[in-house]
1. Going by amide H atoms built from the backbone, whose H comes under 5 Å of the H on Ala56, apart from near neighbours?
2. For the range 398-475 and the range 239-298, what is the separation of their Cα centres, given in Å?
3. Simple spin-label model, 7 Å along Cα-to-Cβ: Lys256 to Thr195 in nm?
4. Check which residues have an amide H placed less than 5 Å from Val316's amide H, if you skip close sequence neighbours.
5. Does anything in the range 456-493 have its amide N under 18 Å from the 7 Å Cα→Cβ label point of Lys72, and if so which residues?
6. Expressed as a whole percentage, what fraction of the accessible surface of the chain belongs to carbon and sulfur atoms when a 1.4 Å probe is rolled over the protein heavy atoms?
7. At 222 nm, what helix-only mean residue ellipticity would the chain give, in deg cm²/dmol to the nearest 500, using -39500 (n - 2.57) for each DSSP H run of four or more?
8. Which ³J(HN,Hα) values, rounded to whole Hz and listed in residue order, are derived for the range 441-454 from phi using the Karplus coefficients 6.51, -1.76 and 1.60 in 6.51 cos²θ - 1.76 cosθ + 1.60 with θ = phi - 60°, glycine and proline given as x?
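The values are calculated or read from the model by the stated rules, or taken from the named source; none is laboratory data. Just so it is clear, the model here is predicted, and its values are computed rather than measured. Cβ: placed from backbone, ideal geometry, glycine included. Neighbour counts: every protein chain shown. The accessibility values were calculated without ligands, DNA or RNA, using every heavy atom of the protein model including side chains. Shrake-Rupley method; radii C 1.70, N 1.55, O 1.52, S 1.80 Å.
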Amino acid sequence: MTLRSPVLLVGFLLAIAAAAAASAQSVVIRRARVADGTGGPLRAADVRIENGRIVAVGEVARRRGEITIEGKGRVLAPGFIDVHNHSTSGLAREPLAISQISQGITTLLVGQDGSSPLPIAEYLDARRNSPAAVNVATCVGHASVRSRVMGEDYKRPARVDEVARMEALVDQGFKDGALCLSSGLEYEVGGYAATDEVVSLARVAARHQGFYISHIRDEADKALEAMAELVNIGEQANVPVQNTHIKVGTASVWGKAKDALRLFDEARKRGVDVTADCYPWEAWSSTILVLIPNKKYDDPESVGRGLADVGGAANVLITSYAKDPSFEFKTMTEIAAARGITPIELFMEIARNGGASVVVKSMIDEDIRAFFAWPWTMVSSDGGIEYRHPRGAGSFPRVLGRFVRERKWLTLEEAIRKMTSLPASRLGLEDRGTIAVGQVADLVLFDPRTVIDNATFTEPFRLSSGIERVWVSGELVWEGRPTGARPGRVLTRRP
Ligand SMILES: [Zn+2]
């Protein structure tokens, strides 16, 4: 080879330097127990990563100068994919995403519950220009599109011309790189949409090989009707549908997870591609006022019904109450009994004094277990960066520590599948979600004996334990602390 110009010479030297740097980056994780994401049994293997990809799995010969990490009883899994994440704006404020990578999460799907940035292109460009430690993909949000078209006049079904304008915005969202259409039909803007409006927009998602992910119209007394609407949307629009953070959330539907899953199984038999995701907590946290949907806080009958819906005052834990901090971390039943009043009277008093923060039981174990046992349920957090619920920092380790190790509700391999290949296939991410030669090296190394969530309702930001190392595109982002690397990519179907 002859080099005819200094420019070419420099180029040649740079190429050699790049090749040297790339080989220096080669890493082998030796004798880890590999959970490859497919649900197949754990097996001891070496995994080599190079240039951001997995290049060997099995017995790997030693190579001089290579970084070697001894697996020693640890599990090596594909990076976890969180299909319902609220870090849409958090990624800009805290790109290291410490509460996320410390759980083993390597990809976030944002733009949830009907609410996404618009235009999508601008949002994704901002993420490309300032990458995070984690990968990000987004949905285009139904309510965001609806607000853009209808403005303040949204408390009604949309007209045909308005639906057409929404379709154009959803179409643009997919062209810009969205992977899905999200909705929040229980919320203010999306809730006024008729099913037909959603079907029209879901058809646009189908045209782009996307999917429809929904916080369905009701997660309480009418949850089963809302699930039937979801199936109906999937059937009419011929689009895959996902019941996100699936719930049967009030006393009248407790125990009905199996009915919900029967509905979904029947739909799947008819060819409707319906899936779900679930976060591993039985309680939500909010203000006490949301217990009374009709907002009649001084009407004993409404208050009584609201408390009955969550299974009674014993299921309502006060976590902060400015007027009298002695109430904190007691249930309403305990406080009322100590003061010789009824829980209804106590509620009315708290509401008059400005309300309180509460943690309220919304699910029973039997239902959560049934949802996690269903083969088509993924693990999600419904949390994210700076999220004030322990699910923001603890969801994935909680499943591995409490549901797999302590309660033995599901096998480790199956839990990992629900965190990796299942969501990857939902998102259409063909080169992530499994450990195999050629796959992108998004990886998690954790100790199955110690992995656990530490976040609580009072300390929601406490990080999880047991996740020892996390790689994104072959770069180490977490080693018990963040490395500072920000190799996260924007994931779209188009390059
Ligand atoms: Zn939601």
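1. Counting only residues 5 or more places away or on other chains, the set is Arg48.
2. First find each Cα centre; the distance between them is then 23 Å.
3. 1.6 nm
4. Met332, Thr333
5. 466-470, 479-481
6. Numbers: 10610 of 20330 Å².
Accessible surface attributable to carbon and sulfur in the chain totals 52 percent.
7. Details: 16 runs with 164 residues, N = 495.
Helix contribution divided over all residues of the chain: -10000 deg cm²/dmol.
8. Each residue's phi maps through the Karplus curve to give 7, 8, 9, 10, 10, 9, 9, x, 7, 10, 4, 6, 7, 10 Hz.
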